[in-house]
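These notes are about the structure you will find just below.
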Amino acid sequence: MADRNIALLDQELEELRQRLGPNREPRVLQGEQKAVTVYDGKSAINLQPNNYLGLATHSKLREAAIEAIRQYGVAVCAGRRGGGNSELHVELDRRIAIYQRTEAAMLMLSNSEANWAVMDALLSPLDVAVVDEASHESVIDGINVARSNCRTYRHLDMVSLKDTLHEVGQGAFRRVLVSTCGVFPRMGEIAPLPDILELAGQYHAISMVDDAHAVGIIGDQGRGTASHFGVEGQCDVQVGGFAKALGVLGGYVACSHKLRELIMQKSNQWRHTQPLPPPVVAACLASLDLLEGAEGEKIIQRAWDNAALFRTGLRELGFTIPDESKTPLVPIVLGNADQAFRLSEGLFREGVYVEFKNRASLRAIITAGHTRDELSCAIAAFERVGKEEGII
């Protein structure tokens, strides 16, 4: 490829290196993604992926996927409107709605696509989205896809949200949508959803929660933020996915029948995208079966117990873990991005994988699949590297 035809390529790359720090190719996963995993030929205690419940390698999900391949093949090569709407997809839509306690639901390729689909269907240049400033990038991407107006409020600040809603209420917007993450992806805080819903109701705004890091982790049987606070049925739009705690792939929108129809009619993300392959859909169904069964509660509790052990161990060493972090997503706050990079590299040399993401913090995901011995080894590695780097 003739890079000389791409104007300012070197300049832009250098600016990114200066702003974001060093870049390297992602580590290569070799074999299964388990609590102890091989990356780049090295066995490491895996504190990086979002496989909170360890379901990505669960035998029941494997068996469901294999049986679906035998029965349906590896893909449906058509959109759901064009002949690819298999009975498995219809069943998973139905099961998601039951799981989320909503009228209806629709399966999407990813949690991010679900966010885009909601924004694409509900918003236009005549509307405004009011979002927490720490919301996931896919929410902002969706607002841009819809060419909608956007206002942000200070992170978890209900006074700021009220002021912002009052401000936009003075305008001539057709619709106002309030969006928050249920569990925030950087620091693991749980949004005060009841307060957000109350304010949305006062200002006649549509309410939306992005439960990417909440589903499978908080709420009854891992049903997410609305269940966690006992406000099921009060949030207009619940977005979630299977690619994190539920151990598979895919996103969804759980909502009313009318909003589901609107998304089907208007959203390019639903109308023009090939649906998830049958073995993936079958594994998603098996994942819901697990969470709704007796084993689910035990798996979720194990993830929380492991996270408490890990969080306490790091705090006792002197690492900064914010008090607001409540879930098995455990942020480790450092002084700067360089410290975070050196800690990440040093941990990998010691056999612990926590990826550096160009921030002054690292994020560990503690799963139900980790043993107490593995977590103790990881804590000991944090101590060794933290002292070597002068962090603790």
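Laboratory data are not the source of any read-out in this text; all were calculated from the coordinates shown. Worth saying up front: this structure is predicted, and the values here are computed from it rather than measured. For neighbour counting, all protein chains shown are included, and Cβ atoms are generated from backbone atoms with ideal geometry for every residue, glycine included.
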Next on the checklist: Relative to 2.2 N^0.38 Å, what does the C-alpha radius of gyration of the stretch 59-292 come to as a ratio? Two decimals please.
Outcome noted: 0.99
Next on the checklist: If packing is taken as the average count of other Cβ atoms within 10 Å, what order do 69-80, 141-152, 257-268, 280-291 fall into, highest mean first?
Outcome noted: 280-291, 141-152, 257-268, 69-80
Checklist outcome for this item: Here the alpha-carbon Rg of the stretch 80-142 over 2.2 N^0.38 Å rounds to 1.33
Checklist entry - How large is the dipole of the stretch 76-199 about the Cα centre if only Lys and Arg carry +1 and Asp and Glu carry -1, each at its Cβ, rounded to the nearest 20 debye? => result 300
Checklist entry - ASP211's amide H: which non-local residues (gap 5+, or another chain) put their own amide H closer than 5 Å, with H modeled 1.01 Å from N in plane and none for Pro or chain starts? => result GLY182, VAL239, GLY240
Checklist entry - So what J values fall out for the stretch 108-114 if you push phi through Karplus, 6.51 cos²θ - 1.76 cosθ + 1.60 with θ = phi - 60°, rounded to Hz, Gly and Pro as x? => result 10, 5, 7, 4, 5, 4, 5
Checklist outcome for this item: Magnitude of the Cβ-charge dipole (Lys and Arg +1, Asp and Glu -1) of the chain about the Cα centre, nearest 20 debye, reported as 500
Checklist entry - In the stretch 59-292, what percentage of the DSSP-assigned beta bridges are antiparallel, given to the nearest 5? => result 35
Checklist outcome for this item: For GLN274, placing the label point 7 angstrom along Cα-to-beta-carbon and taking the stretch 67-108, residues whose amide nitrogen sits under 11 Å are 74-79
Item to check | Directionally averaged projected area (convex hull, Cα atoms, the chain), nm² | outcome: 21.1
Next on the checklist: Just to be sure I understand the model, the point goes 7 Å from the Cα along the line to the Cβ. What's the resulting GLU295 to VAL90 distance in nm?
Outcome noted: 2.9
Item to check | Dipole in debye (nearest 20) - the stretch 59-292, about Cα centre, beta carbon charges: Lys, Arg +1; Asp, Glu -1 | outcome: 620
Checklist entry - With θ set to phi - 60° and the Karplus curve 6.51 cos²θ - 1.76 cosθ + 1.60, what are the ³J(HN,Hα) couplings of the stretch 338-344 in order, to the nearest whole Hz, using x for Gly and Pro? => result 5, 4, 4, 5, 5, 5, 4
Next on the checklist: Give me, ordered by chain and number, the residues 5 or more places off VAL130 or on other chains with an amide H under 5 Å from its own placed amide H.
Outcome noted: ARG151, LEU177, VAL178, SER179
Checklist outcome for this item: By the mean-Cβ-within-10 Å protection proxy, highest first, 9-19, 346-356, 117-127 rank as 117-127, 346-356, 9-19
Item to check | Partners for LYS266 among lysines (Cα-Cα distance below 17 Å; same-chain residues under 8 apart left out) | outcome: LYS258
Item to check | Residue-wise HN-Hα coupling along the stretch 34-45, computed from phi with Karplus coefficients 6.51, -1.76, 1.60 (Hz; x: Gly, Pro) | outcome: 10, 4, 10, 9, 9, 10, 6, x, 10, 6, 9, 5
Checklist entry - Say R0 is 35 Å: what FRET efficiency, to the nearest 0.05, do ARG24 and LEU317 get from their beta-carbon distance? => result 0.80
Next on the checklist: Can you give the FRET efficiency to the nearest 0.05 for HIS257 and GLN202, using r as the Cβ-Cβ distance and R₀ = 35 Å?
Outcome noted: 0.85
Item to check | Per-peptide average of other Cβ atoms within 10 Å, ordering 28-36, 96-104 highest first | outcome: 96-104, 28-36
Checklist outcome for this item: Output row, site LYS357, 7 Å Cα→C-beta label point, backbone N cut-off 20 Å, window the stretch 50-87, residues 50-56
Checklist entry - In the structure shown, do any of LYS298/LYS326; LYS42/LYS244; LYS298/LYS357 have a Cα-Cα gap over 30 Å, and if so which? => result LYS298/LYS357
Item to check | Taking the chain and dividing mean pair separation by its residue count, relative contact order in percent (alpha carbons under 8 Å, at least six apart) | outcome: 22
Item to check | Gyration tensor (Cα) of the stretch 17-163, equivalent ellipsoid semi-axes in angstrom | outcome: 32, 28, 16
